[in-house]
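Below: one structure, written as structure tokens.
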Amino acid sequence: MKVPSSELRIQICKCIVDFYHAEPPKKHITGYQQASSTYKIQMAEVGGLAKTMVQSLALFENQLVEKLWVLKALQHLSTSEVNCTFMMKAQAARGICAHLSDPDPSGQLLFRSSEILWNLLEKSSKEEIIQQLSNLECLLALKEVFKHLFMRGFSHYDRQLRNDILVITTIIAQNPEAPMIECGFTRELILFATFNEVKSQNPLVKGLKLSNSYENFELKKLLFNIIVILCKDLPTVQLLTDGKVVLALLTYVKKPEKHKIIEWSAAQYEELQLHAIATLSSVAPLLIEEYMVCQGNARILSFLEWCETEDSFFSHGNSFHGTGGRGNKFAHMRYTLRLLRAMVYLEDETVNKDLCEKEAIQQLIGIFKNTINKINDKEEAIILEIQSDILLILSGLCENSTSRKEIFGTEGVDIILHVMKIDPKKFQSGLGYNVLLFSTLDSIWCCILACYSSEDYFLEKEGIFLLLDLLALNQKKFCNLILAIMVEFCDNPKTTAHVNAWRGKKSQTAASLLIKLWRKEERELGVKRDKHGVIIDTKKPLFTSFQEEQKIIALPANCPTVAILDVAENIRAKIYAVLDKLDFENLPGLSTEDFITLCIIHRYLDFKIGEIWNEICEEIKLEKLKPVATDKYILEAITTASENVGKMVASLQREMTESQARQDVQNEQKAYAKIQATHKQRELANKSWENFLARTSNAKTLKKAKRLQEKAIEASRHSERPPNAIFHQTDIKGLNTTVPSGRVVAVESTPVRLVGGPLADTDIALKKLPIRGGALQRVKAGKTAAEPKKSVDI
């Protein structure tokens with residue numbers, strides 16, 4: 001390639017291109033076999049041919065024909081990852097990109113160069129290629145090429161190439177070190193993105209108009225996308241302000257106007273509208289003043305109002321942003337609420353106050369209520385996201401403002417209670433119910449707590465019961481937040497009665513649930529306890545396995561130690577706070593195991609103070625400081641007192657364990673006594689049955705039993721009969737039964753043959769006594785002949 005022969009260089013490039021477009025040999029030479037294309041390509045990769053071709057580019061800066069042939073060869077070579085790696089090491093991206101704007105009447109230079117850059121980005125280290133392109137020379141070349149294609153490219157090919165250049169620029173813009181502002185590219189991109197929506201007198205776009213072709217539609221979306229990337233660089237904010245980007249994007253936050261000729265189709269406009277709103281979510285928080293000047297809040301709330309209406313609008317839902325919104329306005333509502341959430345979470349009082357004055361809280365609660373009845377399997381995920389965003393926005397608006405919490409009121413509490421009543425099985429569905437529950441708990445914290453009317457209504461509607469039901473699910477991701485809410489709610493004197501009244505599965509009480517959570521937390525933290533839950537190490541009764549492994553380091557006074565961080569990193573402190581407010585002495589439904597654990601919880605604060613003092617002593621030793629005698633005496637007294645508390649608690653726990661063991665023995669003995677009585681009764685029943693069988697199967701045994709019975713009867717009588725006493729015979733003569741006879745016998749009614757049937761003379765009936773006795777009665781003519789059997793007492 002160094003030989004100064006144009007024909008030789010072009011032939012070499014043709015040979016390389018032929019590797020990838022080999023034709024069968026026209027004439028076969030005897031004794032020889034042509035090398036395959038695969039073999040040639042592999043040899044080119046092994047020999048580093050791509051690197052050599054990149055280096056040879058520097059020889060042809062002013063020789064267009066040779067340069068184009070070399071680029072064509074490199075275009076083919078760059079289809080291989082191995083060759084792309086060689087080209088990357090030879091700085092191919094920088095060398096090729098810097099000459100993009102070189103004059104070329106054929107247009108091949110730009111086409112082939114962009115194709116090579118694409119292959120390098122895809123098949124080699126993307127980060128390294130971006131680094132090579134992030135320089136002023138390359139960006140200036142890209143800027144000139146893009147500007148030329150944007151203003152003067154009218155063919156389908158030109159528009160496609162323009163979009164490719166913009167995508168490459170977008171990738172480079174992700175590097176914060178790229179001098180996008182310095183080369184003026186950022187300013188021009190903002191101008192090109194907004195000139196359709198905001199009138200500009202800039203000569204670059206004066207009189208320029210984009211057609212509604214597919215390539216221009218893609219260009220518009222790419223420009224919105226690059227604005228999102230550019231705004232991450234704070235110096236770009238001033239350029240966004242000068243370019244009136246917020247005003248341009250807000251022009252899309254409105255309902256589609258009917259009977260108006262627009263340059264985009266309905267589906268295209270919908271996609272651009274959603275993309276613009278999504279872009280605003282990134283841009284508007286950086287430009288609060290421009291957002292307020294353009295009345296952003298009013299536009300958003302008005303657009304949300306349109307999203308709720310039931311008009312004839314049909315959403316196409318074809319794009320990424322339109323997912324889940326086909327045939328409805330859910331996609332519009334989702335991105336508008338995301339924008340509103342981004343603005344509210346800036347905690348800018350001007351923005352939030354303006355929203356509240358426009359009755360945003362009432363409007364959002366109304367939207368939430370309307371979405372409840374629209375949940376179905378098809379749109380479930382997007383509706384859940386909408387509901388979550390509404391609750392987060394309400395939390396941001398109501399936090400730290402009692403007046404806004406009062407506006408939230410009972411209607412707001414009702415929607416929170418509705419979410420808390422959702423079937424717990426849905427939290428594992430992956431559709432967004434977990435996020436919705438987190439948003440709901442956040443709303444309780446921000447919108448209900450510290451507002452007494454809302455708290456009382458929440459309690460009245462059994463909200464505490466629902467909180468405890470969620471806590472009983474034992475899902476670690478929710479426990480911390482629920483317990484924090486419980487701690488705050490317990491400041492309300494009405495809460496204690498509700499907590500104590502709650503019952504879970506198997507009549508579990510709230511106190512028992514909290515103690516169970518404490519034991520589970522300590523098992524996960526690796527706290528040392530024996531099999532009964534008794535303290536093992538009285539010096540460090542709360543120490544976790546992490547604290548044991550972590551060495552004590554001397555820290556500044558304003559840095560929290562491991563013992564302090566432990567309070568915030570697990571739920572033990574919150575459980576202690578809740579139980580303390582419920583009163584440790586009057587907790588219902590606890591077992592002995594619960595009482596053993598409760599001893600530790602009751603002394604949690606004392607143990608934690610002892611831990612901190614132990615850390616202070618250790619830090620003093622590490623820093624080799626010698627406290628004065630008084631301080632030394634006080635430190636020793638504090639550590640001894642802390643250890644004594646641990647010993648006292650451990651002793652009390654052992655007493656409880658022993659007492660429970662004795663009680664278990666007594667209960668066991670009672671159970672055995674009950675079993676013995678049951679067996680004895682069973683034996684007596686069996687013996688009675690055997691005697692009964694003997695009497696029924698053996699006449700001698702029966703007679704013997706009869707004699708014994710008569711003897712017992714005689715023995716029970718008085719020896720002397722009282723005067724005028726009437727003697728009643730107790731036995732029935734001639735009885736042939738083997739069991740005692742009863743007092744009830746069956747007596748048949750008068751036979752039909754004696755009364756003559758239902759048509760008999762009624763006078764005959766008067767001569768007969770009724771079965772039950774009493775006065776003579778006339779028999780009714782309609783009486784049936786066959787009387788049922790009746791029972792009488794003898």
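The values are calculated or read from the model by the stated rules, or taken from the named source; none is laboratory data. Every value quoted in this text rests on a predicted model; they were computed, and no experiment measured them. As a convention, Cβ positions derive from the backbone with ideal geometry for all residues, glycine included, and neighbour counts pool all protein chains shown. Side chains included, ligands, DNA and RNA excluded: accessible areas come from the protein's heavy atoms. Shrake-Rupley method; radii C 1.70, N 1.55, O 1.52, S 1.80 Å.
Check segment 74-92 and report whether any residue there is surrounded by 18 or more Cβ atoms within 10 Å (Cβ to Cβ) and touching a His at 6+ places or on another chain (Cβ under 8 Å).
Checked against the condition, which is being surrounded by 18 or more Cβ atoms within 10 Å (Cβ to Cβ) and touching a His at 6+ places or on another chain (Cβ under 8 Å), segment 74-92 yields no hits at all.
Considering every residue within segment 627-637, establish whether at least one is assigned by the TED database to the domain that holds Ile609, part of a helix (DSSP H, G or I), open to solvent by less than 70 Å² (accessible area, probe 1.4 Å) and within 20 Å of Ile536 (Cβ to Cβ).
The initial filter retains those residues of segment 627-637 that are assigned by the TED database to the domain that holds Ile609, namely 627-637.
Then drop every residue that is not part of a helix (DSSP H, G or I), which leaves 629-637.
Filter again for open to solvent by less than 70 Å² (accessible area, probe 1.4 Å), leaving 635, 637.
Adding the requirement that they be within 20 Å of Ile536 (Cβ to Cβ) leaves none.
The answer is no, given that none of the residues of segment 627-637 is assigned by the TED database to the domain that holds Ile609, part of a helix (DSSP H, G or I), open to solvent by less than 70 Å² (accessible area, probe 1.4 Å) and within 20 Å of Ile536 (Cβ to Cβ).
Residues are listed down the side, and each one gets a yes or a no for (1) closer than 18 Å to Arg572 by Cα; (2) within 29 Å of the chain's Cα centre (by Cα); (3) small (Gly, Ala, Ser):
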{"site": "Ile464", "(1), (2), (3)": "no, yes, no"}
{"site": "Ile485", "(1), (2), (3)": "yes, yes, no"}
{"site": "His498", "(1), (2), (3)": "no, yes, no"}
{"site": "Ser507", "(1), (2), (3)": "no, yes, yes"}
{"site": "Ala510", "(1), (2), (3)": "yes, yes, yes"}
{"site": "Arg519", "(1), (2), (3)": "yes, yes, no"}
{"site": "Asp530", "(1), (2), (3)": "no, no, no"}
{"site": "Leu542", "(1), (2), (3)": "yes, no, no"}
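If you go through segment 241-271 one residue at a time, how many are surrounded by fewer than 20 Cβ atoms within 10 Å (Cβ to Cβ), within 35 Å of the chain's Cα centre (by Cα) and outside any loop (DSSP other than H, G, I, E, B)?
2
Can you pull out the helices (runs of 4 or more DSSP H) entirely within segment 514-608 that have at least 3 residues that are under 21 Å from Lys647 (Cβ atoms), touching a helix residue (DSSP H, G or I) at 6+ places or on another chain (Cβ under 7 Å) and in contact (Cβ under 8 Å) with a residue 24 or more places away in the chain? Talk me through it step by step, then tell me what you get.
Values: elements: 545-549, 562-569, 572-582, 592-602.
Filter on segment 514-608 gives 592-602.
Which is touching a residue at least 60 places away in the same chain (Cβ under 8 Å) and crowded, with 18+ Cβ neighbours inside 10 Å, of Leu110, Leu166? Don't jump to the end; show me each part of the working.
Details: Leu110 fails: touching a residue at least 60 places away in the same chain (Cβ under 8 Å).
Exactly one of Leu110, Leu166 is touching a residue at least 60 places away in the same chain (Cβ under 8 Å) and crowded, with 18+ Cβ neighbours inside 10 Å, namely Leu166.
Looking at (1) assigned to a loop (DSSP other than H, G, I, E, B); (2) open to solvent by 40 Å² or more (accessible area, probe 1.4 Å); (3) over 28 Å from Gln660 (Cα atoms), which is the one condition that is false for Lys477?
Tallying (1) assigned to a loop (DSSP other than H, G, I, E, B); (2) open to solvent by 40 Å² or more (accessible area, probe 1.4 Å); (3) over 28 Å from Gln660 (Cα atoms), Lys477 fails exactly one: (1).
In the list Val46, Val70, which residue meets the criterion of being of a type in the set (Val, Ile, Thr) and free of Cβ contacts under 8 Å to residues at least 24 places away in the same chain? Steps first, please.
Numbers: Val70 fails: free of Cβ contacts under 8 Å to residues at least 24 places away in the same chain.
One residue alone meets the criteria, Val46.
Within segment 420-441, can you find the residues that are in contact (Cβ under 8 Å) with a residue 24 or more places away in the chain, in a helix (DSSP H, G or I) and open to solvent by 70 Å² or more (accessible area, probe 1.4 Å)?
Passing the criteria: Val435, Phe438.
In segment 135-144, what residues are open to solvent by 10 Å² or more (accessible area, probe 1.4 Å) and not in a loop (DSSP other than H, G, I, E, B)? Please lay out each step first, then the result.
Kept after step one, since they are open to solvent by 10 Å² or more (accessible area, probe 1.4 Å), are these residues of segment 135-144: 135-137, 140, 143-144.
Passing the criteria: Leu136, Glu137, Leu140, Lys143, Glu144.
Residues in segment 670-687: is at least one in a helix (DSSP H, G or I), among the small types (Gly, Ala, Ser) and in contact (Cβ under 8 Å) with a residue 24 or more places away in the chain? Steps first, answer last, please.
Here is the first cut: in segment 670-687, the ones in a helix (DSSP H, G or I) are 670-687.
Filter once more, keeping what is among the small types (Gly, Ala, Ser): 671, 673, 677, 685.
So of that shortlist, the ones also in contact (Cβ under 8 Å) with a residue 24 or more places away in the chain come out as none.
Checked against the condition, which is being in a helix (DSSP H, G or I), among the small types (Gly, Ala, Ser) and in contact (Cβ under 8 Å) with a residue 24 or more places away in the chain, segment 670-687 yields no hits at all.
Taking segment 177-215 as the region of interest, how many residues are in a helix (DSSP H, G or I) and either buried (at least 17 other Cβ atoms within 10 Å of the Cβ) or charged (D, E, K, R) (or both)?
As a first pass, look at segment 177-215 and keep what is in a helix (DSSP H, G or I): 185-194, 214-215.
Filter once more, keeping what is either buried (at least 17 other Cβ atoms within 10 Å of the Cβ) or charged (D, E, K, R) (or both): 185-194, 215.
Number of matching residues: 11.
Which members of segment 616-626 meet the condition of being of a type in the set (Lys, Arg) and assigned to a helix (DSSP H, G or I)?
Taking segment 616-626 and keeping what is of a type in the set (Lys, Arg), we get 621, 624, 626.
If the condition is that a residue be of a type in the set (Lys, Arg) and assigned to a helix (DSSP H, G or I), then Lys621 is the only one that fits.
Taking segment 633-689, which residues are of a type in the set (Ser, Thr, Tyr) and under 18 Å from Gly610 (Cα atoms)?
Once the filter is applied, which keeps residues that are of a type in the set (Ser, Thr, Tyr) and under 18 Å from Gly610 (Cα atoms), segment 633-689 yields Tyr633, Thr639, Thr640, Ser642.
Just to be sure before I move on: is Val527 buried (at least 21 other Cβ atoms within 10 Å of the Cβ) and more than 24 Å from Cys398 (Cα to Cα) in the structure I sent? Talk me through it step by step, then tell me what you get.
Working: buried (at least 21 other Cβ atoms within 10 Å of the Cβ): yes; more than 24 Å from Cys398 (Cα to Cα): yes.
For Val527, the condition - buried (at least 21 other Cβ atoms within 10 Å of the Cβ) and more than 24 Å from Cys398 (Cα to Cα) - is met.
Keeping to segment 563-577, report how many residues are of a type in the set (A, V, I, L, M) and either open to solvent by 40 Å² or more (accessible area, probe 1.4 Å) or in contact with a Cys (Cβ under 6 Å, 6 or more places away or on another chain) (or both). Give the steps one after another, and end with the answer.
As a first pass, look at segment 563-577 and keep what is of a type in the set (A, V, I, L, M): 563-565, 567-568, 571, 573, 575, 577.
Still in the running and either open to solvent by 40 Å² or more (accessible area, probe 1.4 Å) or in contact with a Cys (Cβ under 6 Å, 6 or more places away or on another chain) (or both): 564-565, 567-568, 571.
Total meeting the criteria: 5.
I'd like to check something: does segment 196-208 contain any residue that is more than 19 Å from Glu270 (Cβ to Cβ) and of a type in the set (Ser, Thr, Tyr)?
Initially, segment 196-208 is screened for residues more than 19 Å from Glu270 (Cβ to Cβ), giving 198-208.
Retained after the next criterion (residues that are of a type in the set (Ser, Thr, Tyr)): 200.
Yes, segment 196-208 contains a residue that is more than 19 Å from Glu270 (Cβ to Cβ) and of a type in the set (Ser, Thr, Tyr).
When the residues of segment 638-664 are filtered to those that are within 15 Å of Phe607 (Cβ to Cβ) and of a type in the set (D, E, K, R), which remaining residue is most open to solvent (accessible area, probe 1.4 Å)?
Ranking the qualifying residues of segment 638-664, first place goes to Lys647.
For segment 59-73, give me each residue that is over 10 Å from Cys13 (Cβ atoms), among the hydrophobic types (A, V, I, L, M, F, W, C) and open to solvent by less than 70 Å² (accessible area, probe 1.4 Å).
Within segment 59-73, Phe60, Leu64 meet the criteria.
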